[in-house]
Amino acid sequence: MVLRQPLHGYGIMKEVEVISEGLVKLGPGTLYGALRKLEKLQLITQVEQKDTKKSYQLTDNGRRLLFAEYERLRKLVEISEKQLGEEI
């Protein structure tokens, strides 16, 4: 989600921590492994490299998948709310 605009690895780690209000903290190993996989799947693309900093951004396919995943999660929350009813 943070790659709707170009960001490099450290920027991604910090932005994820900020928007998740500290609930998600990515370590470098996890992040760079995920970036390689997402790039191989053509969901993100490298858009710039300055020195050793590579910036990435979502591809059109990545953007479509992001919104599909959002809808899937939204629906799961909706179902959960119905199932839990007044318990929540």
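The values are calculated or read from the model by the stated rules, or taken from the named source; none is laboratory data. Worth saying up front: this structure is predicted, and the values here are computed from it rather than measured. Here the Cβ positions follow ideal geometry from the backbone for every residue, glycine too, while neighbour counts run over all protein chains shown. Heavy atoms of the whole protein, side chains included, go into the accessibility calculation; ligands, DNA and RNA do not. Shrake-Rupley method; radii C 1.70, N 1.55, O 1.52, S 1.80 Å.
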Item to check | Subset of the stretch 1-20 (residues that are assigned to a helix (DSSP H, G or I) and of a type in the set (Gly, Ala, Ser)) | outcome: GLY9, GLY11
Checklist outcome for this item: Residue hits (the stretch 1-20; under 24 Å from GLU71 (Cα atoms) and open to solvent by 40 Å² or more (accessible area, probe 1.4 Å)) are MET1, ARG4, GLN5, PRO6, GLU15, GLU17, VAL18, ILE19
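Residue-by-condition table, conditions (1) in a loop (DSSP other than H, G, I, E, B); (2) exposed (fewer than 11 other Cβ atoms within 10 Å of the Cβ); (3) at pLDDT 95 or above; (4) not aliphatic (A, V, I, L, M):
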position: GLY22; (1), (2), (3), (4): yes, yes, yes, yes
position: LEU31; (1), (2), (3), (4): no, no, yes, no
position: SER55; (1), (2), (3), (4): no, no, yes, yes
position: ASN61; (1), (2), (3), (4): no, no, yes, yes
position: LEU66; (1), (2), (3), (4): no, no, yes, no
Checklist entry - Any residue in the stretch 71-86 that is under 25 Å from TYR10 (Cβ atoms) and either among the hydroxyl-bearing types (Ser, Thr, Tyr) or surrounded by 11 or more Cβ atoms within 10 Å (Cβ to Cβ) (or both)? => result no
Checklist outcome for this item: Output for Cβ contacts, cut-off 7 Å, separation at least six or different chains, first residue of a type in the set (A, V, I, L, M) in the stretch 66-88, second modelled with pLDDT of 95 or more and open to solvent by less than 70 Å² (accessible area, probe 1.4 Å), reads LEU66/LEU58
Checklist outcome for this item: Of those in the stretch 33-51 that are within 13 Å of LEU7 (Cα to Cα) and outside any helix (DSSP H, G or I), the residue least open to solvent (accessible area, probe 1.4 Å) is ILE44
